[in-house]
1. Looking only at the range 1-15, filter to residues that are open to solvent by less than 70 Å² (accessible area, probe 1.4 Å) and over 17 Å from Lys50 (Cα atoms); which one of those is farthest from the chain's Cα centre (by Cα)?
2. Please work out if Ile72 is of a type in the set (Val, Ile, Thr), out of contact with any Cys (no Cβ under 7 Å at 6 or more places or on another chain), within 20 Å of Ser412 (Cα to Cα) and in a strand (DSSP E or B).
3. Examine the range 140-160 for a residue that is assigned to a helix (DSSP H, G or I) and either touching a residue at least 40 places away in the same chain (Cβ under 8 Å) or more than 30 Å from Asp75 (Cα to Cα) (or both), and state whether such a residue exists.
4. Across the range 106-128, which residue is nearest to the chain's Cα centre (by Cα) among those that are assigned to a helix (DSSP H, G or I) and farther than 16 Å from Ser402 by Cα?
5. Kindly indicate the residue of the range 250-274 that is modelled with pLDDT under 90 and polar (S, T, N, Q) and also most open to solvent (accessible area, probe 1.4 Å) among those meeting that condition.
6. With the structure loaded, tell me whether Ser46 is in contact with a Phe, Trp or Tyr (Cβ under 7 Å, 6 or more places away or on another chain), within 13 Å of Ile23 (Cβ to Cβ) and among the small types (Gly, Ala, Ser) or whether it fails that test.
7. Among the residues of the range 174-221, write down those that are of a type in the set (Phe, Trp, Tyr) and free of Cβ contacts under 8 Å to residues at least 40 places away in the same chain.
8. Among the residues of the range 190-220, which ones are open to solvent by 80 Å² or more (accessible area, probe 1.4 Å), in contact with a helix residue (DSSP H, G or I) (Cβ under 9 Å, 6 or more places away or on another chain) and either closer than 30 Å to Leu176 by Cα or not in a loop (DSSP other than H, G, I, E, B) (or both)?
Amino acid sequence: MRQTFQIIAYPNDKNRMIVPIEIYYRLKQISMLQHGLQNIPCDILSHHNKSDTIYLSSSIMKQFHLINHAPIILDIDTHTCHMNYLFGVFSHRSPQQTSYERLYQEMASVGHTHGFKTIFFSYHHIHSQTNSLTGVVWQEQKWKTIETDIPPVIYNRIPNRKIESHKKVQKIKQHLTTNSIIFNPDFFNKWQVYDDIINHERINYLLPDTTFHPSTQTIRHKLSQHPITLMSLKDDDTNHFYLEEVGGLLFVTHNYNSRQYYQDLEQFKQAFFPNGFQQYVLQDALDLMQHQGDPFYLRVHTNKTKQWQVSFLYGRKNIGNEIVNLDTLNLGRNIVKKVKELAIVLSKLLENMLPGTIGEIGFDIGIDQERRLWLLEVQAKPSWQVFYHPALATKTQDYFTSLFEFSLASISSFE
């Protein structure tokens, strides 16, 4: 098992690292110390105190900008000792078994330049009794299996609600929170977020008029005024209905692609909702701006380092979720600026409203024909599909860098 060590700074203007006697004989030939892309000459000494403690001179701490009392892991390479923070990525399976393997490799490489060893693991890789895990790291252009202590900071990339709600996953997550900071701990409950926002006077204007558990009479009344949408209270995207009265008939678009007509609301109800609309939410439909004949919305990714910042901003079509480069939408600078500012305001407010440690958020923001902004959705784990878009992929490294910078800020809390 690969041991982690706690670093403790002591005042000394020489480059000295004092290690437990148990590992001194493996390190005594070391002449260089490396953290990230920086390396410095270093003298190695030994101590007989705690076997999990390494003392670093203030000279080394200053040159490497290390965090006092932070846990680290050591790698020995000939005459160089590589010193890295440990960063965990919690997913449902090993990177090699996912569609994001290349991105995970890139993420690990970015982490290395910032002094991190990134270990990927899933719920069945945790050893609760020893508070350790067996995961994989990307090293020397291949995946290597290692066993080590549970990292102090863990990035949650469980891909969907079904897996995250599994009893075994929930049990492991609970165990991980006893000694680690898990950021982006859970998928947001859409309607809980809605309830938080609707009660906040500063931002509730962003939400369409909404009715929970609508009656048939309410739906009929709304339909007589304008198109509406019906969405499931179960907080999924598998049952979305767009209803519009045209020429005495009711036209229904199901999940943005299947369009049918019915004689009236009662016929539609019997086809889909024989027991009523109690498990659904009614909202005013929005007449969104269009691109090449299709309605679109804006997806905004925000990340927190020391402050919240916008990492990605792009368009997505309602039909097929096709990604559209912002430059082709011709929205104008004022709209783009307004959307970015809004995303930062929302990020700050939601960080304080929602439980857990949040390091990234995704927002779906619609723009109607009158150029009014609407908040359509909030995601705890925004999709990585944008990283594959040719015009946006260049921002991927900056995105991963922000995750590691957020981790550094979290590690500082251990001090």
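1. In this case the residue turns out to be Asn12.
2. Yes: the conditions hold for Ile72.
3. no
4. Only one residue fits best here, namely Tyr123.
5. Looking at the filtered set, the residue picked out is Asn257.
6. Yes, satisfied.
7. Tyr194, Tyr205
8. Within the range 190-220, Arg220 is the sole residue that qualifies.
The values are calculated or read from the model by the stated rules, or taken from the named source; none is laboratory data. For clarity, every value in this text was computed on a predicted model and none was experimentally measured. For neighbour counting, all protein chains shown are included, and Cβ atoms are generated from backbone atoms with ideal geometry for every residue, glycine included. In case anyone asks, the SASA skips ligands and DNA or RNA and just uses the protein heavy atoms, side chains included. Shrake-Rupley method; radii C 1.70, N 1.55, O 1.52, S 1.80 Å.
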